[in-house]
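Written out below as structure tokens is the structure these notes cover.
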Amino acid sequence: MDTLLQLALANLVSPMVLFFVLGVAAGWLKSDLAIPEPISKGLALYLMLAIGFKGGVELEANGLGGTVVAAMALALALSFSMPLLAYALLRAATRLDVPNAAAVAAHYGSVSVVTFVAATGFLGYRAVPYEGYLVAMLALMETPAIVTGLLLARRSKTAGTTKPQAPLFSKELAREVFLSGSVVLLGGSLAIGWITGAKGMAVMAPGIVDPFKAVLAVFLLDMGLLVGRRLQDFRTVGWPVVAFGLYMPLIGATIGLVAAHAIGLSLGGITLVAVLAASASYIVVPAAMRVSLPQANPAIYVPLSLAITFPFNLIAGIPLYHAAAKWIASM
Amino acid sequence: MDTLLQLALANLVSPMVLFFVLGVAAGWLKSDLAIPEPISKGLALYLMLAIGFKGGVELEANGLGGTVVAAMALALALSFSMPLLAYALLRAATRLDVPNAAAVAAHYGSVSVVTFVAATGFLGYRAVPYEGYLVAMLALMETPAIVTGLLLARRSKTAGTTKPQAPLFSKELAREVFLSGSVVLLGGSLAIGWITGAKGMAVMAPGIVDPFKAVLAVFLLDMGLLVGRRLQDFRTVGWPVVAFGLYMPLIGATIGLVAAHAIGLSLGGITLVAVLAASASYIVVPAAMRVSLPQANPAIYVPLSLAITFPFNLIAGIPLYHAAAKWIASM
Amino acid sequence: MDTLLQLALANLVSPMVLFFVLGVAAGWLKSDLAIPEPISKGLALYLMLAIGFKGGVELEANGLGGTVVAAMALALALSFSMPLLAYALLRAATRLDVPNAAAVAAHYGSVSVVTFVAATGFLGYRAVPYEGYLVAMLALMETPAIVTGLLLARRSKTAGTTKPQAPLFSKELAREVFLSGSVVLLGGSLAIGWITGAKGMAVMAPGIVDPFKAVLAVFLLDMGLLVGRRLQDFRTVGWPVVAFGLYMPLIGATIGLVAAHAIGLSLGGITLVAVLAASASYIVVPAAMRVSLPQANPAIYVPLSLAITFPFNLIAGIPLYHAAAKWIASM
Amino acid sequence: MTQLYRKKKIEIVVEAARARAIIEMIEAVGAKGYTIVPDVSGRGNRGVRDEAHLSDVFRNMLIIVIAAEEIANRIIEQLQPLLKDYAGIVVISDVEVIRDEHF
Amino acid sequence: MTQLYRKKKIEIVVEAARARAIIEMIEAVGAKGYTIVPDVSGRGNRGVRDEAHLSDVFRNMLIIVIAAEEIANRIIEQLQPLLKDYAGIVVISDVEVIRDEHF
Amino acid sequence: MTQLYRKKKIEIVVEAARARAIIEMIEAVGAKGYTIVPDVSGRGNRGVRDEAHLSDVFRNMLIIVIAAEEIANRIIEQLQPLLKDYAGIVVISDVEVIRDEHF
Ligand SMILES: Nc1ncnc2c1ncn2[C@@H]1O[C@H](COP(=O)(O)O)[C@@H](O)[C@H]1O
Ligand SMILES: Nc1ncnc2c1ncn2[C@@H]1O[C@H](COP(=O)(O)O)[C@@H](O)[C@H]1O
Ligand SMILES: Nc1ncnc2c1ncn2[C@@H]1O[C@H](COP(=O)(O)O)[C@@H](O)[C@H]1O
Ligand code: NA
Ligand code: NA
Ligand code: NA
């Protein structure tokens, strides 16, 4: 336990987490500190391009080991199935109705790119290596959960509408799911990194490797501002739902730990899969839900994943999951 | 020919070209991947500042050799005269009317900054040196073609209008031509690089040299998105015009190769002049044409230079012109 | 004097100052060169984050020496008191009425972050060390002057209004003063640098140290564009007021020099305090004045501090104050 | 004097997530054009919708259509169901235009 | 046919520094919503107000409120003192809306 | 009650390349002010005009002028030739304003 506390404290005093905390404080106190919208979108794109490209280069360097296929299958399985568990918990433990429970559930099957990136930063800080192809898991896990969420919501919809039931997968949704900017950029950069390998990395490194952590710190400042301004939305959400936002990551991480250990990932890899399973989407899934499940209230699912689960994972979750990964890896 | 194919393939798998291809695919498939407008303008400014500054520093280092004046004269001559050739071809081989043919012609006398930058990246990758002052040619070639284009358009205008003929060069156009942002930034950075020399470079290098290629890759991703979204504009343009967008660069490059060889430039320099002559403007000239030649249809000239000539030069043209430059330089 | 001239000339040919001059020229000639608004806000945030963080790290490295408290007290004293002097001069030497004189005075008690940053660049270029905690002075001096300015304006207000006098410090103003974005970001980054120390710096350096000067150069290009476009506002301002914008920095710098020498700062430190005292705010104070002293005309105080005092300090002031600091330090 | 033509102006403030569907409807119904102000914020029944957005979930758009009365009526008719479950308002007014062929 | 309800539309162009106070007034007076176009430029009595701004001092905002006549009158009444010393204009017109419950 | 004054509102959606000329005309004709929404997208006779632009060639602006009827008429008169060969629409409506001295 001593190590765990030390880990948590060391994480707390990294510039990344401190800038996040600064942002939360400034946002909560209604400071006019604000990072212009296009800049913050640009930073998000940068992080995805960089992490995807690095993953691709490492994939090329280390080859497609036997566990790669298993890892990809695991990614799909987790993203498709975790919403079922989340939905059951929400219906049992909160008062959310069917569409809202389905929408929230979809978020927890998907992932948070920035939480993943912060976890790679955490590992890098401690020189813990991890499998480069896990970035592909990140890309794969973004969207399947949306499908499960919509299927869950179906159950109620049939009663409410008089029109013949709309197809589950509209063209608009398909675009949202398969051609979502983050999926394309993560996947595309991974592919380009994989094709160009070390030679490509030599070209890209001064832009995407060296300043990476500083950019991440600035982006976390921005996320903090967003979270700080949304802290008051807690009230809308209700305490049983807030509690879900804290225990669901723990459940997800546990599943991730066990599964990642089972397919034979390294210590770093186990940590990252736990983080993926624990994190919740706050960009891609909200957008998809708003288009395809408008009955669900965004004022519930956005603050839940953004203002509760995200900071929890960033500050407490990552060191915790890493400690647990150590323990499970040493067994 | 073996070398040429190899060159083309090697160019194809550079991160720059691959990010461009990724962008085209994402744009064509209507992915919501988008680089915020201010970021993409910022990246364009960065490229111009960096390339201008580097050119100036190299100019200072190597002094104003005898060929400099010749190169500058060549730049002006090419930009002023190439629209005449382009216009004749367009009137003979396509159905464009006078204002549209004149407007398109003006684009091909001018240049594409990004194509030039990509070509310097291509040369850098292969450690082929080139004359630093060629950046000044780039700046000089941007706008003279506009004047020729407007003069060509005059021929028809006189008939159509009842009002006394407006002066060819309005104040608005003069500003567009001489004080266009890219001309000022390229020229100004060149001058500053030239004044501050190696000492200035020491200050600026970590910002403008090291991450340069990564920034270029991101910018090409953005250009790809733009091209991908405009690919459908082909239909508006018509096949004879599309064909012009492919053979005109070849003609231009040939003229550039011969002229550059004649004034005694190095292998790298010959390649770059060929690229300048082959490339077509899609920022400065469209803006000027819209102001001064509104009868011409931007839905013709923008997709032609942006979605046809630009990708052609980027992917096939640069390695081709370089191979040709090797051949001509070895004679 | 020989050294002074040399200093001034050397400063003039630094890329930073030259890019500023380029910007002024382009802005004045109405070139359409423009750095997109979000980019320029982003660059300003970058400079503050970087300068704050570096200051914090140096503070941690060198410990809180005896002079730190004295320096902080000096910062508050200067910012609170200098508007009194400025106000007296303005009322005596110009025709500005009470609210306008009070508003202008407030600007000169506060500081210009970019001028400070440019001065650190100037010192860095000459390898002159300075006390890291001076960044805290910068943060502390931003806002107290606002309070003095508003108190000065009170004198006239009582006569003009029929309503019961509004409280001096509205909630809106408090937010503007204490939670102004630049105060929060400077102070927060300083704190984070101080907490994370050298380890934090290792993480952040490739992002905030290496490209710092190049970013500053680009930001000064942008400031130049702004100044160039506002040069015509001179006419609104009137010559006695313009003169104030030139002699007030000299008076402020003199006070700063003497006070900084008195509390025992190094050569670099004396220079920077002089620069702080000489510079005038053009972001934080205008915003606060517009909210709390709307009778004052922004078309007077913005061009005065932005288009007159800022360029004066940047081009002539910094080398001058540094020469004076050398002289006073050698006594 | 320039000839003026009477038209209806419809202004729609709607969350970005719904904008695409509405624009498709506007085109389908036969309007000859529309204008979009891509980034507006506001407050309404569904609380504050501001600029600080990672996704478009809390972003509003303003869509403006000028159309002949008959087409305007069709648009209004079809907006009601399209706005169910979404944040949005619809405002109609009388305007005049020049260059009738644009509408 | 969809039922339409008569309302007033108030458009306010005002410098950004004053926008917060005006929005608070609009809320206090009982309007159910408003829309903001956050970044407009312009020229008026107080000269050019453009986009090139470090602070918000030279930035304009456009605020749009749709409200029943009575509330509109209250807003207009209170705008006059709020605009003293500030750049800004107020424009009122007649409009119709659907979904009356939003206003 | 606050005094209201009847004016005309002219809204012009026009491609950015033409905006400068139109604004100069508006000033020349004697209007006391105007407001610009600098970045709107849309579709009209000349096809889609969207945000993805390197140059301003495919960008629209929205220009709003409030003016007395007489000046409004002059503006409308002069817009017709200025819009020839350019994408753009002109919409006129009746409005009321406070603070008459601004118009
Ligand atoms: N009364 C109003 N006046 C102007 N804009 C409004 C009004 N009510 C709502 N809006 C705008 O319409 C959006 C959606 O409204 P609502 O569906 O009521 O939440 C809000 O975010 C505002 O931008
Ligand atoms: N006649 C007008 N028509 C349209 N907008 C105007 C008009 N007059 C002023 N404005 C807008 O209102 C702002 C403030 O106006 P003013 O208080 O007259 O300086 C200006 O910056 C313009 O954006
Ligand atoms: N009927 C309409 N309603 C609203 N905006 C329109 C309409 N027609 C055209 N516009 C706008 O005016 C611009 C130019 O129109 P046009 O000249 O018809 O291409 C378009 O890009 C739209 O932004
Ligand atoms: Na998850
Ligand atoms: Na060319
Ligand atoms: Na000062």
May I ask you to give the average projected area over all directions of the convex hull of the Cα atoms of chain B, in nm² rounded to one decimal? 16.9 nm²
In Å, what is the Rg of the alpha-carbon atoms in the range B:47-93, and how long is Dmax? 15.9, 47
Over all residues in E:55-64, what is the mean tally of Cβ atoms on other chains that come within 10 Å of each residue's Cβ? 6
What fraction, in whole percent, of alpha-carbon pairs in the range C:196-331 exceed 24 Å separation? 45 percent
Along Cα-to-Cβ, 7 Å out, sits the label point; list in nm, shortest first, how far the one on C:Tyr125 is from those in the other copies. 3.7, 3.7
Calculate, in nm to one decimal, what A:Lys199 and A:Arg126 gain on full extension: separation in residues at 0.36 nm each, minus their alpha carbon distance. 23.6 nm
Could you go through the range A:218-226 in sequence order and give the Karplus-derived ³J(HN,Hα) for each residue, using 6.51 cos²θ - 1.76 cosθ + 1.60 with θ = phi - 60°, rounded to whole Hz, and x for Gly and Pro? 5, 5, 5, 4, 5, 4, x, 4, 4
May I ask for the angle, rounded to the nearest 10°, between helix E:16-28 and the longest principal axis of chain E, with both axes built from Cα atoms and the value confined to 0 to 90°? 20 degrees
Rounded if a/c is under 1.5, else prolate if a/b is larger than b/c, else oblate: which is the protein assembly as shown, with a ≥ b ≥ c the root eigenvalues of its Cα gyration tensor? rounded
Could you work out the mean count of beta carbons from other protein chains within 10 Å of each residue's beta carbon in E:68-76? 1
Peptide A:263-271: average number of partner chain Cβ atoms within 10 Å per residue? 0
Which distances, shortest first and in nm, link D:Glu70 to the matching position in the other copies, using label points set 7 Å out along Cα to C-beta? 4.0, 4.0
Inter-part distance where the range D:8-27 and the range B:33-50 are each reduced to a Cα centre, Å: 30 Å
So if I take the centroid of the Cα atoms in the range A:108-131 and the same for the range A:296-331, what is the distance between those two points in Å? 11 Å
Compute the angle between helix B:181-208 and the longest alpha-carbon principal axis of chain B, please, reported from 0 to 90 degrees and rounded to the nearest 10. 10 degrees
The correct pairing of chain C residue and whole-Å distance, for the Cβ nearest the axis that maps C onto A, is C:Pro38, 3
Report ³J(HN,Hα) in whole Hz for each residue of the range A:228-242, in order, from the Karplus equation J = 6.51 cos²θ - 1.76 cosθ + 1.60 where θ = phi - 60°; Gly and Pro get x. x, 6, 9, 4, 5, 5, 2, 4, 4, 7, x, 5, x, 6, 4
Hull-based mean projected area of the range D:5-102, where the convex hull spans the alpha carbons, in square nanometres: 6.2 nm²
Using a label position 7 Å from Cα in the Cα→Cβ direction, what is the ascending list of nm distances from B:Val69 to the same site in the other copies? 7.2, 7.2
Does the range C:16-147 classify as rounded, prolate or oblate by the C-alpha gyration tensor (a ≥ b ≥ c root eigenvalues; a/c under 1.5 gives rounded; else a/b over b/c gives prolate, otherwise oblate)? oblate
Quick one: if you stick a label point 7 Å off each Cα along the C-beta vector at A:Asn62 and F:Arg20, how many nm between them? 5.6 nm
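Values quoted throughout were computed directly from the atomic coordinates according to the rules given, and no laboratory measurement underlies them. Everything numeric in this text was worked out from a predicted model, so none of it was measured. Counting neighbours? That spans all protein chains shown, and the Cβs are built from the backbone with ideal geometry, glycine included.
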